[in-house]
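The values are calculated or read from the model by the stated rules, or taken from the named source; none is laboratory data. Not measured: the values here are computed from a predicted model. Reconstructed Cβ throughout: ideal geometry from the backbone, glycine too, with neighbour counts over all protein chains shown. Note: areas computed on protein heavy atoms with side chains; ligands, DNA, RNA excluded. Shrake-Rupley method; radii C 1.70, N 1.55, O 1.52, S 1.80 Å.
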2 protein chains.
Amino acid sequence: MATTATGGARTPLSRARVLDEAIGYADTHGLDALSMRTLAELLDVVPMALYKHVRSKEALIDGMVETVLATLPAADLAGVGPESWRAVARSRILAARSALQRHPWMWRALETRAAPTPAMLDHMEAMIQILRRGGLGPVLTHHAMHALGGRIWGFTPEVASSGPAPADPAEIAAAMAAMRERWPGVLESAMSARHEAGSAVGPGCDDDAEFAFALDLLLEGVESRHFAGWPSPARATSH
Amino acid sequence: MATTATGGARTPLSRARVLDEAIGYADTHGLDALSMRTLAELLDVVPMALYKHVRSKEALIDGMVETVLATLPAADLAGVGPESWRAVARSRILAARSALQRHPWMWRALETRAAPTPAMLDHMEAMIQILRRGGLGPVLTHHAMHALGGRIWGFTPEVASSGPAPADPAEIAAAMAAMRERWPGVLESAMSARHEAGSAVGPGCDDDAEFAFALDLLLEGVESRHFAGWPSPARATSH
DNA sequence: GACACGAGGTGTACGGTGTACACCTTCGAG
DNA sequence: CTCGAAGGTGTACACCGTACACCTCGTGTC
């Protein structure tokens, strides 16, 4: 393709353009479908051209992660204190969650990063500051960060989340029968979440509510440890 | 390679042998390094021979997961009741953790499975039964399973877990300096975990203790919800 | 004992991947 | 006007998963 002779002088490549295009494609087609070749084609460019703006595919994904993370609102640590830290932590985590929810590939990308990127460290730093300003000591803060774990990022990896439904009525009936006899608890548990009238067997489970449930469990537990003067006195061991 | 002429009649391939070899290789070299070609070479066989025992690479990994999960001790639900469910749940999760710890590739394999395999469902079923026999209602059980999330499997995906240490003193000094000024909380939090005298900058963080900490937070929270008659009365919302 | 059959191992080939390397074009600074 | 570098191109390589046709046995049947 001639560059200028065809009439449309395309906008020159740039790191930002590469990253944005990659993010948009991953949003709609998934991270697996994103290859250097398809990305290059999207940008009307030859695959190797990408390498002038991105060191490797791994670095490309790092860049995508950084770009998305950069959209997180900066933490406002001004008035954070013993009374408010829990609410501030909660809302920040929920904000991160809603930001990441728009990019389904993020959870996997975050998990497979070998080293934390600066933006990841920024977010962790903000969380730690919230805890520390709430009055938690460094040790409890450390444990709390571990406990919150993936929740810091606004997601919990759900085992068996998606996957295309069978759709064949006979097939789902058979699956249900198998469930009923071999995994009745799983079946009951899955069913128990359908508060509203839903379709046949759809999950009908409010992910956001589940997330908040676990999040509150953790935050309350951390707070009660804190109130109990953790860890200086006898540490409360389970049963 | 002649089959019998060379003298050593190799043991014939079998699904179990394929799976075992794959597991052993993944244990030492990681899941990424495991390709059908290298696995075939390990078994002194041509790549396509594997497909007589395994439908696809995806199915191979499913089989590996099933094989490892099959080593989990069967749940003993006999005496589980309101007094003991929490301890039983705790010990089962910790048992699963120690089993999976010997196969570092498992956490990633579990997460990337599209649908839950039978052995996964077995384990979930056992967990659900423990909760139900403890007296928890189906709804609270459901939420608890979500809350426990990845912990059910005995691991928590740690952001920034491993990665080869820089080893160059100058480099780590520079990293430390950058940390101190930009991510002081992260630095403090990382440092706070080194209870014993450790090497220069090693993590020195007791993963098992962290895991148990979060686990207890969740279990205690679930129990307190249960005691409070959850969810029938006014649900305790944070703040 | 002859023979067919099917399970299991082989060889070749195809379309995909990431990316190293040499090349060419273009444009702005001196 | 020149020159050097930044950025886009083309070719090539090694590797991946796996479809398909083939061959080679051990075994059950007549």
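The table for this structure:
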read-out	value
Number of positions in region A:74-104 that are over 18 Å from A:Ala144 (Cβ atoms) and open to solvent by 50 Å² or more (accessible area, probe 1.4 Å)	8
Residue in region B:97-119 that is outside the structural domain of B:Leu215 (by TED's automatic domain parsing), away from DNA strand C (no atom under 16 Å from the Cβ) and modelled with pLDDT of 90 or more present	no
Some residue of region B:55-63 being more than 18 Å from the chain's Cα centre (by Cα) and away from DNA strand D (no atom under 11 Å from the Cβ)	no
Test for A:Asp20: is it within 16 Å of DNA strand D (Cβ to nearest atom), more than 14 Å from chain B (Cβ to nearest Cβ) and either buried (at least 17 other Cβ atoms within 10 Å of the Cβ) or on the phi > 0 side of the Ramachandran plot (or both)	no
Some residue of region B:65-85 being without any contact (Cβ under 8 Å) to a residue 60 or more places away in the chain, away from DNA strand D (no atom under 12 Å from the Cβ), touching a Leu at 6+ places or on another chain (Cβ under 6 Å) and closer than 20 Å to B:Ala114 by Cβ	yes
Hits in region B:16-28 (condition: within 13 Å of DNA strand C (Cβ to nearest atom) and not charged (D, E, K, R))	B:Ala16, B:Val18
Condition met for A:Ala49 (within 16 Å of DNA strand C (Cβ to nearest atom) and crowded, with 20+ Cβ neighbours inside 10 Å)	no
Residue in region B:73-126 that is nearest to B:Thr28 (Cα to Cα), counting only those that are among the hydrophobic types (A, V, I, L, M, F, W, C) and facing chain A (nearest Cβ under 8 Å)	B:Leu110
Test result for A:Ala49, away from every other protein chain (no Cβ under 14 Å) and either modelled with pLDDT of 90 or more or more than 16 Å from DNA strand D (Cβ to nearest atom) (or both)	yes
Residue satisfying all of: in region B:64-73; surrounded by 12 or more Cβ atoms within 10 Å (Cβ to Cβ) and among the hydrophobic types (A, V, I, L, M, F, W, C); farthest from DNA strand C (Cβ to nearest atom) among these	B:Leu72
Test result for B:Ile61, in the same structural domain as B:Ala212 (by TED's automatic domain parsing) and either charged (D, E, K, R) or away from DNA strand C (no atom under 16 Å from the Cβ) (or both)	no
Which listed residue, of A:Leu39, A:Leu13, A:Leu31, is surrounded by 15 or more Cβ atoms within 10 Å (Cβ to Cβ), more than 14 Å from every other protein chain (Cβ to nearest Cβ), within 16 Å of DNA strand C (Cβ to nearest atom) and at pLDDT 90 or above	A:Leu39
